[in-house]
Structure formats: C-alpha cells, structure tokens
1. Out of the residues in the range 368-402 meeting the condition of being within 24 Å of residue 257 (Cβ to Cβ) and assigned to a strand (DSSP E or B), tell me which one is nearest to the chain's Cα centre (by Cα).
2. Go through (1) modelled with pLDDT under 95; (2) out of contact with any strand residue (DSSP E or B) (no Cβ under 8 Å at 6 or more places or on another chain) for residue 173 and report which single condition fails.
3. Which members of the range 65-105 meet the condition of being over 18 Å from residue 591 (Cβ atoms) and within 11 Å of the chain's Cα centre (by Cα)?
4. Among the listed residues 308, 301, identify the single one that is within 28 Å of residue 252 (Cα to Cα) and either surrounded by 15 or more Cβ atoms within 10 Å (Cβ to Cβ) or free of Cβ contacts under 8 Å to residues at least 60 places away in the same chain (or both).
5. Just one of 150, 87 is under 20 Å from residue 58 (Cα atoms) and outside any strand (DSSP E or B); which is it?
6. Looking at 287, 226 in this structure, which one is in contact with a strand residue (DSSP E or B) (Cβ under 6 Å, 6 or more places away or on another chain), free of Cβ contacts under 8 Å to residues at least 40 places away in the same chain and over 29 Å from residue 200 (Cβ atoms)?
7. Run residue 289 past the list (1) closer than 30 Å to residue 184 by Cβ; (2) loosely packed, with under 15 Cβ neighbours inside 10 Å and report the number of the one that doesn't hold.
8. Given the conditions (1) farther than 14 Å from residue 165 by Cα; (2) in a loop (DSSP other than H, G, I, E, B); (3) at pLDDT 95 or above, which single one is not true for residue 82?
C-alpha cells in the first residue's frame, strides 16, 4: 500500500469531504447524486512493494521503490548517487558523467554495468546475455521512467538467480483520461549538454498507446570525451475487457561514447581532466521487443505470459594498450598504430509463464506463485580485429581474420514456486524453490590457443531454496526476513584465456551461495524507516592462480579461487514535518555499514600463489552514506544531498600503493560529495528543475577497473550544472 504523508493525507481528505458536502445535489429524500471530485496527492521518499503485485510475491523480502518524478535529482545525466540516494548500500561506479550506463551494486558485489542484478524494464529482462555477458547495455532515458523497484537478493527464486536481486524500471504510462497527451523534457547543462525527450500517449477505446523519442549530446568533463545517444520506444496495450490485457512493446537505445582513456595516479593528481586516448570509441545498439499478456482467469487467480528478446551489438574500436603506452604517430609510416576492433552480437530470448493463485485454509488466505522460464541465448563474440589507423568511429577491418571468433550458446529452463502461508493474523511464512537446468556450448576459434584446451560444454544445474517471514506489529510496522540461495554463472571473461600463457580449468564451475536478511520497517507519525541486517556468502569465486607445466614453464590458471562473506546493516530513516499549510521539511539518511572479507581463497601474485583469507573484497566499501534535506514551500522545492563512500581496494591482494606504470591496482581513496537540486512548479503543466552536482568540485574516482574501458584511474565528474524544463499537455 502506498504510504502517503499522514498530515498531507488528512488535509487532502478533509478538503475532499468539504467539497463533497458543498457539491451534493439532492434528488429526493433518500438519494443523492455526487459531483466527481479529483484528488491530487503525492508520494515522497521510498516505500516497500506490496506483499503481492501482479504475479509476484514480495512477502518476507526487502523491497524498495523510488519515485523519480517526486525527487529532485539529475535524471538526464543519470547521476546514480542522486537517483538511488534513498536505497541504502548502493555503491556507484562513475564510469562517465553522461549517464551512458548505470553502474551500481549492493552488498559488496561488482558494480560493472549492474551485472549482478536481474535488470528489467516493466518486468522485461534487459541483461544482454545472462550466461555470456550479463551487463545491461540497454540504456533507457530516465525521463521515460516513473519509478524504480528493487528487490534484494532474496528475490532470486522468482526473478532469477543473481546475487544482487532484481532491479525493475517502471515506465510512464499512457494517459487514460484523454485520447492524446504530450510531454517534453528539454535539458541544457555543463560541457555543452543538450538533451530532448518527447513523449505522446493516450487512450482510444480499448487501446492505450505510449511512445517517446530521446536525443542527447554532451562533451565530457575530460578532454576528448563526447557522447551522442538516441533512444526510442513504442507501447501498445489492448484491453478487450477488465480481465485481459495484451501489451506489445519495442524499445531501442544506442550511444557512441568517445573514451578519454585511463590515467596513472600521477596523471590524475596532476590534472584529472587530461586524456590518454583520442581514438577510442564504444557503441552498443540494443533492441528490446516484447509481448506481455496478463489474464485474470478467476477471482483468485491470474496468469502472465511474457515473451521478450535482447537483440543488438556491442561495438568498440580502441588503441587497447596500458596507460603508460602513448597513442602516438609512428615515425616510419607517419600514421597512428592500428586500433583493435571488437564486436559482440547478442541474440537473447526469454519466455516466462507465471501463475498467482490465492486459496483458503480455514479463514486464512494463502498465496501460491509458480512458473517456468525458458532462455535461449547466442552471444557471438568477435575480438582482436585489426582496425584502421584513423581517428573516427570506424569498425572497418584491414584484415578479415579475427583473433577470437567464438559463439557462446546457452539454453536454460527454470522451474520455480513460492508459497505464502498466513499462519496467524499478523504472521506469514513463505517458502519456495527454483530449479535451474541449462547448458552452455562454446564453439569457434581463438587463433593463439589450441581449441582442445578450452572448456567447450558447461552445465548449469542448481536446485535453489529459500524461506522468509513477515510479522506485522501493526498495520504500518512490521518485521521481515528471509534466506535464499543464488548462483553466478561463468561468463565469457571467466572462460576465454587472454594469451597462450593462460589456461582455463576444465572443471571450473559456477559460483554459488546465499543471501540472508532480517529487517524492521514502518512509519509512525512523522518517521519512516527500513533497517536491515544481511549476510551474503559467495563460494567458488572466479580468479587466477600461478601454475607450472611439466617443463617448468609458468602459466596463469583461471579457476575457482575461494569464498567470501559480506555482512552488514542497511538503514533508511526519513522524517517529514508539515511546517504550515504550504511548507514542509524532509530529512533522511540512507546508510550502510559493511564488512566484506575473503573467508578462504588463494590468488596469483607474480609467480606465487598467496593466501588472501581476511582480505577485503574488491570495491566493497565499509561505509556508504547519503544524507539529504528537502524544503518544499509553495511552488518551490529545494534539496541538498551529501554522499560519502569510504575507501576500497581494486584487487583481492589489497595492494595499497599503485604501480607507477598503470594505476590498475591500489587503494581507491574515500570521497564525500555535495549536490544541490531545485524544482519550480509554475503550473500543473510546466516545471523547471535545476541541478548542481559536486558543488565543492571534489576531484575523485570510484573504481580502478581491471578490464573495459581500460585498467587504471578513471576520474569522475567535477562540478557540473543542468537545467530541465518540462512541458505537459
């Protein structure tokens, strides 16, 4: 149930009652005709999902929802620390300031393109390939999104087996009150930012429609950095009656990002805005078609069938060398060196049939959710192609032979069921299982490696179990908790050796483990809170060891290296006060304390293998906290947000001092940032939002990536500004 501010709710319904009394027309002594009254209310902060929504069961799980249109945040640039400010424990990797990609994680997981989450849009899976490259290259404009839902790792039985849980972007809907509506959001900002989002929607008879077009162009905070992005979508919904809905959608996103290259630490501290590359480009082009059928087959039962696909390419052309190797003109040829071309083609298909059924035992209503999911993925990876010596975005090969030309084909069937028993009036218990049965086959050529030394067939067979509970102290206060198993399939980067001196364990297997959590949430008077303690154990993590063959030749062995345990507390606490009839004040803290450590693991260091038991897990800060204040008065809303992230390590060895040559490993210093946002609501149809991010112009970086977009330091954005004007008709 949506939680509306208690005082605002009282005022709204008091006005409603007065209007109803004033507008009542007497027809006779016993009957009255009431004039319709429209009530406008708003939802602020975050809320948990209902126990059931659609065909999903959320009872006993930590779930959160944030409403983008109700928060002051820079959504055009997708500044994740602002967008996800009220979700405690979200770690943000700022790869670039244009918002090309949302790179986030929680509970000590890897934030690269959010690939530890089961990422969805309106319930449609958007991860590019769950078994080959689970990153979400699809990047919708946040101007098209109404709200974002997050179900933490204990949702793995219903959504998919990812440790991070499910992240669902819910789109804006067609206007059901008129045949045509229009929304335009135009933004300007620092570094020549120009963005235009335009959407139409409406209802004609039994058909609803919604469509948008988005265009954005922006230079970067750093030299040689630039982004051009496009996105489009069209949604048609046919509702022949109140029980049946058929939704057809096509969505696309593409962008071309000119990559400024990584820096060494010395470069960063000398000038964080400098670039080491001018000819590197990255460009995904992703299409997501889908059909979604919802049918209320009876008063207690509903089914949902979803068929969807992720189709497209991930393209890059780069001078792919360590940071300390400059991209310069070769004296002998008076041209640049040839660049490397990589092209991934995704063909990922998902079909899912779900059932939700309510049934009675005695006077208690219980709920069963069950379903089957079938996935068929083909990731065609062509890499190490010899590209041109040019400087523009050009995927032309001067030699038709690829260094790697490999298919990773996966089929997977998952059966799942979860049941909620209403044991007592205030106590419910859930239990369920998910059975994963799949197989990945690898085929193709790697020109530097013997084909018979590669793992060519991998089975994914996991029975996963989970249980949870909810105890309602009162209608607005409850305890909840759960435990659920999860697993992490071996992806392409875990299976493909980078050179002849690297081998892959033929018995390498998927990582597995569990999430456990117990929480206390509710609202009372002016307070709203959700406090959770969690455990996340990941066993058989992937890594490398140093080995020698029979002749004594040293090589790197890619295998399962050991286990880790992440534990902590996530806290969201918000207070809201109505100061007078037109002014309100809101304060919140969204804070997570975490201890993420290796329990038992061994990794390669030089020519040796080292025991890393007790070392910190990479990119897992001990403290992440975001604290905000919002003042609303009349048509004006003012917000300030302070974000702090403690230091992290780039590698499992916990190297503190980075090497002078690349900066690929070493300590990532702690950083604190201040953002200011304002909203001015002139009319119901016109609003202006202004954002100043990183007000103090803090020079910082959030992660030292080990692979794309290049090992080294990637500076995050300094002070920047944006202003968005929204017009609705």
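1. 379
2. Failed condition: (2).
3. Across the range 65-105, the qualifying residues are 101, 102, 103.
4. Working: 301 fails: within 28 Å of residue 252 (Cα to Cα).
When all the criteria are applied, what remains is 308.
5. Every option except 87 fails the conditions.
6. Matching residue, one of 287, 226: 226.
7. Condition (2) is where residue 289 drops out.
8. (2)
The values are calculated or read from the model by the stated rules, or taken from the named source; none is laboratory data. None of these values were measured; they are calculated from a predicted model. Glycine also receives a Cβ, built like all others from the backbone with ideal geometry; neighbour counts cover every protein chain displayed.
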